[in-house]
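A short worksheet on the structure shown next.
None of the figures in this text is laboratory data; all of them are computed from the coordinates on show. Given the structure is predicted, the values throughout are model-derived calculations rather than measurements. Cβ coordinates were reconstructed from backbone atoms using ideal geometry, including for glycine residues, and neighbour counts include every protein chain displayed.
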Amino acid sequence: MNLKKISQLILVTLLVGTTYAQTNDSITKNLTEELEQIVTAGPIVGFSVAIVNEEGTRYENGFGFADKKADQKYTANTLQNIGSISKTFIGVALLKAQELGKLNLDDNINDYLPFQVVHPKFKNTPITIRQLASHTSGIKDPAEYESKGYILKEAENGTAKVNGNFLPPTEMMSLGDYLEAILSEDGKWYKKKTFSKYQPGGMFNYSNIGAGLAALVLEQATGEPFPAFTQKYIFDPLQMTSSGWSFNTIDVSMHSKLYADSETELAFYELVNYPDGGLITSAHDLAKYLSEIIKGNAGNGTMLSADSYKDLFIPQLTDENHKDRSDKEYNDEYNMGVFMGMSSKGQIGHTGSDPSVVTFMFFDEKTKTGKLVLINTELDKKGIEEFIAIWRSLIANEDKF
């Protein structure tokens, strides 16, 4: 889910130009034309974007195709999975559970789990929920994260490409069973090397497995399935009516095809460790969430209490937690709140990637303006260049609305 290959390449210089007196209609028209030109010239099949602030969505649109063969356009309401932006929903859910008195972020995770998770090199040092949420638990992603974590939606997929690590639907298992197999000493895939040489609370190590474990802790603490909890406390309050954690909870007819390249469809897949990257949503729905997060950062949010929003954005990391701390504009690993990435330049949000999925979502802490992009195509070198052009276009226009 970690988008290092693109976040390292993205051009981070703000585009500064002459300020013109423009109406919202003309700004919208110009941005739309600019993005249409970008998608026409490049290999990305389809994408959607949104620009938001505290007042709500200022611009949203889709470009290219959700289904190229069927000539179905990609719109702001087109659905796709969004990769690791999903982790920010784990963070919000954990803070809501803390508000409800169901857990505390500094609790030992073994106070809740149905199996024990112990760092083999530091058996007397407990792993806390907060450490999972800041990627300092010492848990790494083992090979099984890739080899056992992607499950085909359908057994037969016609001409669509099936990646070598995509397993048949019969291999699907529960989140709890999957994590127990990897992290419990009695688990069939357990290895000591799944844990780093650093003690819990020490070195930052981005962990998708750790994120899934945080969601499992929440389930055990609240007695509610993670999808039901997020539906009740996030999707419903924000009227994110098209979003869900699995194909059976969304309108599949609105879901984009995924593309291994500009001409090759990728077979639909699901994630066993779904909380870390499996949220299916649209730019339209995600923009509502981003606007609420911005309001929360400004002290005006309604989804969480003011104290919970403060916790969401408290930086958890220092130089001591990093081997090599990048200060790039949109590096979401420079610092962490509660699964909320923070760059050194005041950009807050998260990136995401999965097979044939690329996503970015950030807001500027000073201007309280945010932007997002969802892409349905695996990015090669030209695709990365196109992504950069899209992102730069949003940067150049985000403060005009």
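Would you mind getting me the FRET efficiency between K29 and M172? Use the beta-carbon distance for r and R0 = 51 Å, nearest 0.05.
0.65
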Between K191 and R325, what is the FRET efficiency for a Förster distance of 22 Å, r being their Cβ-Cβ separation, to the nearest 0.05? 0.20
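Between T302 and N248, what length in nm is gained on full extension when 0.36 nm per residue of separation is reduced by their alpha carbon distance?
16.6 nm
Give me the percent of DSSP beta bridges within segment 4-397 that run antiparallel, rounded to the nearest 5.
The answer is about 90 percent antiparallel.
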Order of 83-94, 183-194 by packing, highest average Cβ count within 10 Å first? 83-94, 183-194
Each label point is 7 Å from the Cα along the Cα-to-Cβ direction; what then is the distance between the points at E154 and T367, in nm? 4.3 nm
Global form of segment 117-169, assessed from the alpha-carbon gyration tensor, a/c cut-off 1.5: prolate
What net charge do the residues around D327 carry, taking every other residue with its C-beta under 14 Å from that of D327, with Lys and Arg at +1 and Asp and Glu at -1? -2
Out of every Cα-Cα pair in the chain, what percent are more than 33 Å apart? 28 percent
The residues V357, V118, V52, sorted from fewest to most surrounding Cβ atoms within 10 Å, come out as V118, V357, V52
Size of the dipole of segment 139-243 about the Cα centre, Lys and Arg at +1 and Asp and Glu at -1 on the beta carbon, nothing else charged, in debye to 20? 460 debye
Principal-axis tilt of helix 24-41 within the chain, Cα atoms, nearest 10 degrees: 80 degrees
Taking Lys and Arg as +1 and Asp and Glu as -1, residues besides F247 with C-beta under 15 Å from its C-beta add up to -2
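Where Lys and Arg each count +1 and Asp and Glu each count -1, what net charge lies around S262 among other residues with Cβ under 14 Å from its Cβ?
Spelling it out: positives minus negatives among the neighbours equals -2.
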